[in-house]
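Take a look at the structure below.
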Amino acid sequence: MSGTFVGMPAFPQAAREAVGNPTLRGNLRHATHTIRAKRAKAVAEVSDWAELREAGKRIKDHTLRHLDRYLVQLEEAVTAAGGTVHWAADADEANDIVTQLVKMTGESEVVKVKSMATQEIGLNEALLEAGIRAYETDLAELIVQLGDDRPSHILVPAIHRNRGEIRDIFRQEMSEWGRPAPEGLTDTPAELAEAARLHLREKFLRAKVGVSGANFMVAETGTLVVVESEGNGRMCLTLPETLISVVGIEKIVPTWRDLEVFLQTLPRSSTAERMNPYTSTWTGTADGDGPQTFHLVLLDNGRTDTLADEVGRQALRCIRCSACLNVCPVYERAGGHAYGSVYPGPIGAILSPQLRGTASEIDASLPYASSLCGACYEVCPVAIDIPEVLVHLRERVVEGGPVVREGNRTVLKPAKGHAAERAAMRAARWAFSHPGALRTGQRLASRTRRLHPRTLPGPGKAWSGTRDLPAVPAEPFRDWWQRTNGGTDEKGTAK
């Protein structure tokens with residue numbers, strides 16, 4: 001990854017500031033609860049949802065195990081269909097490839113759709129440095145761009161904005177980017193959508209270069225797939241003369257038959273729709289139909305390193321539905337900006353530290369941005385066990401150990417600031433492996449329970465400052481079990 005958002009603090013500090021913003025919390029609560037309820041209803045309509053979920057998991061795991069073979073097959077199919085494939089090891093290489101491709105057309109502006117991978121690598125900024133202006137065309141992405149803001153949600157990047165804030169952004173900023181907002185614009189959704197439509201239409205009709213991502217790539221045919229709900233994707237993918245698609249290497253599926261599974265699970269899990277209003281597919285180029293030049297930039301940027309982790313690689317199954325964000329109690333209160341990444345919420349807490357590593361303070365803090373309640377796993381349409389990966393990454397942060405970075409095996413040093421935690425875990429391991437010492441410690445804790453403080457001293461303050469310490473029982477369980485004969489009387493009857 002190209003790095004965290006500039007100037008972002010670690011998650012605890014950023015979340016603390018976000019929680020203190022009542023407008024933000026209100027916007028998030030309303031939006032996530034609405035999406036969550038609609039999704040639950042849409043999923044309940046499918047009698048074989050569990051089977052589809054398992055099928056999606058197995059397809060993704062199979063593809064990741066044989067990713068090298070399917071990527072080569074994809075390249076051959078795209079090339080045979082008239083496209084050109086480029087391989088980008090990191091963000092800088094991908095940005096350079098796209099910049100040079102745009103320069104070759106002689107154009108100085110591009111329209112964009114499905115931009116998460118390009119946001120990950122900072123493509124807009126790289127193009128601007130080269131004198132090329134990129135226009136976001138998803139409604140929420142447009143709001144974020146006009147407001148000089150950052151995305152805070154995978155599906156709804158402007159989820160932290162309400163209608164009044166969006167109206168003000170349109171009134172103040174649209175004229176600087178193109179067609180101004182209509183006079184007397186109100187905050188009604190219909191008027192806001194119409195203002196965006198008029199603003200974007202002139203860009204669609206003028207643009208000669210489109211930049212896209214993709215939801216899926218089909219290896220057997222070289223087909224790319226974009227699903228969306230606004231129609232802007234269809235405009236970006238069909239009107240420009242040149243189309244450049246930047247896609248993570250994990251977005252591949254082997255066959256068209258595999259795609260059928262995800263076209264059922266993705267729309268229901270993301271927008272709570274039975275099918276996306278716009279499902280666009282394209283295979284290379286065709287004379288007189290659509291873009292006449294097609295380039296596919298296959299992006300690694302830490303994905304191969306993630307693939308090398310047997311526990312963490314399941315994060316690469318993600319189909320970017322955002323269901324985990326909408327049920328997460330931490331995301332609902334902290335919002336997406338606190339994660340310091342284009343990938344917020346539970347999936348971001350496990351994906352970003354693997355793509356970028358855990359060297360920075362914010363990346364080292366992300367595995368702790370969770371209550372481990374498990375709601376994210378329950379709603380994931382490809383069964384990513386996010387809590388398992390979170391615990392795995394916490395261990396990596398605290399203990400260090402072997403990892404793969406930039407294709408090379410290395411050994412991470414334990415992160416600073418966790419010495420007390422490591423000492424506590426070593427002490428617990430010793431105590432649990434010495435039953436006599438554990439029994440003595442339990443009895444001592446029970447007999448001195450009246451003297452126990454309500455909060456922990458030293459480093460423990462951060463833990464007990466937001467939760468009550470559990471009360472120590474008057475008698476250890478082992479002693480109770482021995483005294484009561486396992487909770488039964490002399491005749492073996494339960495007491």
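The values are calculated or read from the model by the stated rules, or taken from the named source; none is laboratory data. Here the structure is a predicted model, which is why all the values come from computation and not from measurement. Quick reminder, even Gly has a Cβ in these numbers, built from the backbone with ideal geometry, and neighbours come from all protein chains shown. These area figures cover heavy atoms from the full protein model, side chains too; ligands, DNA and RNA do not enter into them. Shrake-Rupley method; radii C 1.70, N 1.55, O 1.52, S 1.80 Å.
Before moving on, here are some points about what is shown:
- Computed on the chain, with alpha-carbon pairs under 8 angstrom and 6+ residues apart, the relative contact order is 19 percent.
- Relative contact order (%) - criterion: Cα under 8 Å, at least six apart; region: segment 340-436: 18 percent
- Calculated on the Cα set of segment 76-206, radius of gyration then Dmax: 16.5, 54 Å.
- C-alpha long axis of helix 189-206 to longest principal axis of the chain, angle in °: 50 degrees
- Accessible area in square angstrom per residue, segment 268-427, 1.4 angstrom probe: 40 Å²
- The packing ranking, built from the mean of other Cβ atoms within 10 Å per residue, places the peptides 205-211, 401-407, 95-101 in the order 205-211, 95-101, 401-407, highest first.
- Point-to-point label distance, residue 188-residue 281, nm (Cα→Cβ direction, 7 Å offset): 4.0 nm
- The chain: Cys lacking any partner C-beta under 4.7 angstrom: 236, 318, 321, 328, 373, 380
- Proportion of all alpha-carbon pairs of segment 135-221 beyond 21 Å (%): 33 percent
- Over segment 206-255, accessible surface divided per residue gives 21 Å², non-protein components excluded, 1.4 Å probe.
- Carbon/sulfur fraction of accessible area - the chain, other protein chains in place, 1.4 Å, %: 52 percent
- Alpha carbon centroid spacing (whole Å) that separates segment 433-461 from segment 4-83: 42 Å
- For segment 418-477, the pair-distance distribution built from all alpha carbon pairs, in bins 10 Å wide starting at 0, is 21, 41, 38, 1 percent.
- Using bins of 10 Å that start at zero, the share of Cα-Cα pairs per bin across segment 113-158 amounts to 28, 61, 11, in whole %.
- Share of pairwise Cα separations in segment 384-495, more than 24 Å, in percent: 51 percent
- Accessible area (Å², per residue) of segment 1-124, counting only protein heavy atoms and a probe of 1.4 Å: 51 Å²
- Area accessible to solvent at residue 455, 1.4 Å probe radius, in Å²: 80 Å²
- Highest-first arrangement of 234-241, 109-116, 349-356, 440-447, where packing means the average Cβ count within 10 Å: 349-356, 109-116, 234-241, 440-447
- Estimated Rh, the chain: Kirkwood, alpha-carbon pairs, angstrom: 24.9 Å
- Volume per residue of the C-alpha convex hull in segment 1-94, rounded to whole Å³: 218 Å³
- Value of D in µm² per second that Stokes-Einstein yields for segment 201-306, Kirkwood Rh from Cα pairs, at 20 °C (1.002 mPa s): 147 µm²/s
- Over segment 363-419, the hull volume per residue, using the convex hull of the C-alpha atoms, is 100 Å³.
- Cα shape, segment 346-387, gyration tensor, a/c 1.5 rule: oblate
- Projected label distance in nm at residue 395 and residue 61, using a 7 Å step from Cα toward the beta-carbon: 1.8 nm
- Here segment 58-90 is scanned for amide nitrogen atoms under 16 Å from the site 7 Å beyond the Cα of residue 257 along Cα-to-Cβ, giving 58-60, 62-63.
- Remark: the residue 359-residue 477 segment gains 38.2 nm on full extension, using 0.36 nm per residue and subtracting the alpha carbon distance.
- Pair residue 410, residue 125: separation of 7 Å Cα→Cβ label points (nm): 2.1 nm
- Residue-averaged 222 nm ellipticity for the chain, from DSSP H runs of 4+ at -39500 (n - 2.57), nearest 500: -15000 deg cm²/dmol
- Segment 162-198 and segment 116-134: distance between their alpha carbon centers, rounded to Å: 24 Å
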